[in-house]
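So the structure is just underneath, and the comments pick up after that.
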Amino acid sequence: MESSIYGTEGQEANPVGAQPVGAQAGFNSHSAVPVTIGPEKKPKVPMIIAGVFAVLGIISFIIASSAGSQAIELWSNLDGDEYTKDVGSSVDIVHTDDDGAGEFGAGVFIIADHVDSNSNEMVDACEEFEVMVTNNGIDVTEGTFLKTCDYDEGNNSATYFGLDGKIQVGTICGTLEIGQNCTIGETYTLSNSASTSMFLLDFDDLFGPLLEESIGLGIAAFGGGFAGCCSVCIGIIALIVGLLRLGKGNQPQVAYQMQ
């Protein structure tokens, strides 16, 4: 009985299906062995990205909200007192327009109560108050002065401008308004026959700095809101990618090669 690599039993040499001694079934030179060909896809990195952009989005929205609140507060709490002058019963006004874009003009106020006792939707003291505007001795009131006596209990213009105890009787040389046509460089004399003291609030001096500041706050609010929206969108995309990688399809790619 001859021994061979196939054992010592009395069998034919190299019987069908026999394996060499020491060989392991399924791992001969023609066996397929799994080989990782790609990195394992983990959700950690997308989740971190989502968190970072979520924080950036929150910060951006806070900035936008703060800028918007400041702009609202800026226009809700006007202090026109420092831009208001007591001009007595008569004053000369030289009309200027530095940027050539028109003027807000000057508000004309008097000390009086904001009441409408006869319910005709006109402030009593304003309705009874008469002014005249002249240019080189010519009456130009109609084309340079706009009387504003409309009564609105919840929207007193004097209170809005921080001039409590006064009422607005009109606006002079507000060329941004229809019907007021003051000429640059011309002198206009504002007077009243009742010898009542008038107060002029220069709207351009008041609104100029406010508009500049408002533009800056508006840009900050818009930029913050836009950045916040973009950050949220990117964060959501990263979050979705991270969640998808938590499933079964997150294993490394495997291929088989012959050994």
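Since every read-out is calculated from the coordinates, none of them should be taken as a lab result. Quantities reported herein were computed from a predicted structural model and do not represent experimental measurements. Glycine gets a Cβ as well: all are built from the backbone with ideal geometry, and neighbour counts include every protein chain shown.
Here the spin labels are modelled as points 7 Å beyond Cα on the Cα-Cβ line, and at Ser90 and Leu243 they lie 7.9 nm apart. Each Cα pair under 8 Å and six or more residues apart adds its separation to the average, and for segment 90-196 the resulting relative contact order is 44 percent. Between amide H atoms placed 1.01 Å from N, distances below 5 Å from Gly170 occur with Val108, Thr148, all of them 5 or more places distant or on a separate chain. Computed from the C-alpha gyration tensor, the three semi-axes of the ellipsoid equivalent to segment 104-145 are 25, 11, 9 Å, from longest to shortest. Dividing the Cα radius of gyration of segment 90-196 by 2.2 N^0.38 Å, with N the residue count, gives 1.10. Sequentially through segment 187-198, phi angles give Karplus couplings (6.51, -1.76, 1.60; θ = phi - 60°) of 9, 10, 9, 9, 8, 9, 7, 8, 6, 8, 5, 10 Hz, Gly and Pro residues having no value and appearing as x.
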